[in-house]
Structure formats: structure tokens, C-alpha cells
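**Q** Would you mind keeping the following structure in view while I ask a few things?
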Amino acid sequence: QVQIVESGGGLVQPGGSLRLSCVVSGTIFSDYAMAWYRQAPGKQRELVAIIFRAGDTNYKDPVQGRFTISRDNAENTVYLQMNSLKFEDTAVYYCNRFGPTQFNWGQGTQVTVSS
């Protein structure tokens, strides 16, 4: 069974940085495009960034130029480097497979941007 464990969240001031990690076990990680998603209070979960099997990436407009997604297939890990954080980045961040179907969701990691 696939398990996903996200970590690295926390409380940060506007303009600060965080690096999120996501470890995936129970599957051949390198076979899948992976993505980071987030869910803010009272809002639906939204896609943030994608990294495809070959390493090419795609970002949604709100995070373009500030966030960087990367992966380490040897460690079954996907990362999200978040710079220049804004109040509106506050959310629970999740990683999962990108595509029409997802693995079971992990618990996510809370990111709070506050002064």
C-alpha cells in the first residue's frame, strides 16, 4: 500500500522561506509524475506544482517564480522549495501523484505565513 508522508511546514513571516519534503513508499516512485497541492481554510484543494518523470516542471500562476519543485528518485522524495512566502500561501500542503487518479492522501503539512 502506498504511503505518503509530508513534512517541513511551519510558521514563517511574509517574505520567508520553507522547504517541504514528501516521502512516498510502497510503489515505484520514479514511474509517476508527482505534484504538490494545497488546501487553505474554507477552500478546495488546489494544484500548486508538478514534476514529471523526466524532471520537467510546471507551476500554477500564484507560485510561479517563487516555488521550486524537485525530486530525488533514489530517495523516493519530492521537495517544494518555497521562497518569498505570502499570507495567501497559508494552507495545508500535500503531495501526491499527478494525474486522473491519486494515491491515498497523506496527512499534509501546515504552512502558516503570519507576521
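The values are calculated or read from the model by the stated rules, or taken from the named source; none is laboratory data. Values in this document were obtained by computation on a predicted structure and should not be read as measured data. Cβ sites come from the backbone with ideal geometry, for glycine too, and all protein chains shown count toward neighbours. Accessible surface is based on the protein model in full, side chains and every heavy atom, while ligands, DNA and RNA are left aside. Shrake-Rupley method; radii C 1.70, N 1.55, O 1.52, S 1.80 Å.
**Q** Give Tyr32, Tyr59, Tyr93, Tyr79 a once-over and let me know the one that is of a type in the set (Ser, Thr, Tyr), touching a Cys at 6+ places or on another chain (Cβ under 8 Å) and either open to solvent by less than 70 Å² (accessible area, probe 1.4 Å) or at negative phi (or both).
**A** Tyr79
**Q** Here are Thr77, Thr109, Thr101: which of them is modelled with pLDDT under 95 and within 18 Å of Ile4 (Cα to Cα)?
**A** Among Thr77, Thr109, Thr101, only Thr101 is modelled with pLDDT under 95 and within 18 Å of Ile4 (Cα to Cα).
**Q** Right, here's the next one. I'm trying to understand the selection: among the residues of the range 10-67, which are more than 18 Å from Trp105 (Cβ to Cβ) and of a type in the set (D, E, K, R)?
**A** Hits for the range 10-67 are Arg19, Asp31, Arg53, Asp56, Lys60, Asp61, Arg66.
**Q** Residue pairs, Cβ under 6 Å, 6 or more apart or interchain, first in the range 12-39 and over 29 Å from Phe87 (Cα atoms) and modelled with pLDDT of 95 or more, second open to solvent by 20 Å² or more (accessible area, probe 1.4 Å) and among the charged types (D, E, K, R). List them.
**A** Filtered contacts from the range 12-39: Tyr32/Arg97.
**Q** What number of residues within the range 84-94 satisfy the criterion of being in contact with a strand residue (DSSP E or B) (Cβ under 7 Å, 6 or more places away or on another chain) and either in a loop (DSSP other than H, G, I, E, B) or of a type outside the set (A, V, I, L, M) (or both)?
**A** The qualifying residues number 7.
**Q** Just to verify a result, which residue in the range 35-55, among those that are outside any strand (DSSP E or B) and either small (Gly, Ala, Ser) or farther than 21 Å from Phe103 by Cβ (or both), is most open to solvent (accessible area, probe 1.4 Å)?
**A** If we filter the range 35-55 for residues that are outside any strand (DSSP E or B), which is where we start, we get 40-45, 52-55.
Restricting the remaining residues to those that are either small (Gly, Ala, Ser) or farther than 21 Å from Phe103 by Cβ (or both) gives 40-43, 54-55.
Numbers: Ala40: 24, Pro41: 112, Gly42: 93, Lys43: 138, Ala54: 99, Gly55: 37 Å².
The extreme case among them is Lys43.
**Q** If you don't mind, there's one more thing I want to ask. From the set of residues in the range 62-76 that are assigned to a loop (DSSP other than H, G, I, E, B), over 20 Å from Thr112 (Cβ atoms) and free of Cβ contacts under 8 Å to residues at least 24 places away in the same chain, which is most open to solvent (accessible area, probe 1.4 Å)?
**A** Gln64
**Q** Continuing with the same structure: Applying the selection to the range 13-29, what residues are open to solvent by less than 20 Å² (accessible area, probe 1.4 Å) and assigned to a strand (DSSP E or B)?
**A** Of everything in the range 13-29, those that are open to solvent by less than 20 Å² (accessible area, probe 1.4 Å) and assigned to a strand (DSSP E or B) turn out to be Leu20, Cys22, Val24.
**Q** While we're looking at this one, here's another question. Could you list, in sequence order, the residues of the range 1-55 that are under 14 Å from Ile69 (Cα atoms), touching a Phe, Trp or Tyr at 6+ places or on another chain (Cβ under 7 Å) and not charged (D, E, K, R)?
**A** Within the range 1-55, Leu20, Ser21, Ala33, Met34, Ala35, Trp36, Tyr37, Leu47, Val48, Ala49, Ile50 meet the criteria.
**Q** Could I ask something else about it? Can Gln102 be described as surrounded by 13 or more Cβ atoms within 10 Å (Cβ to Cβ), among the polar types (S, T, N, Q), on the phi < 0 side of the Ramachandran plot and free of Cβ contacts under 8 Å to residues at least 12 places away in the same chain? Before you say what the answer is, go through the steps one by one.
**A** Working: surrounded by 13 or more Cβ atoms within 10 Å (Cβ to Cβ): yes; among the polar types (S, T, N, Q): yes; on the phi < 0 side of the Ramachandran plot: yes; free of Cβ contacts under 8 Å to residues at least 12 places away in the same chain: yes.
Judged against the criteria, Gln102 is a match.
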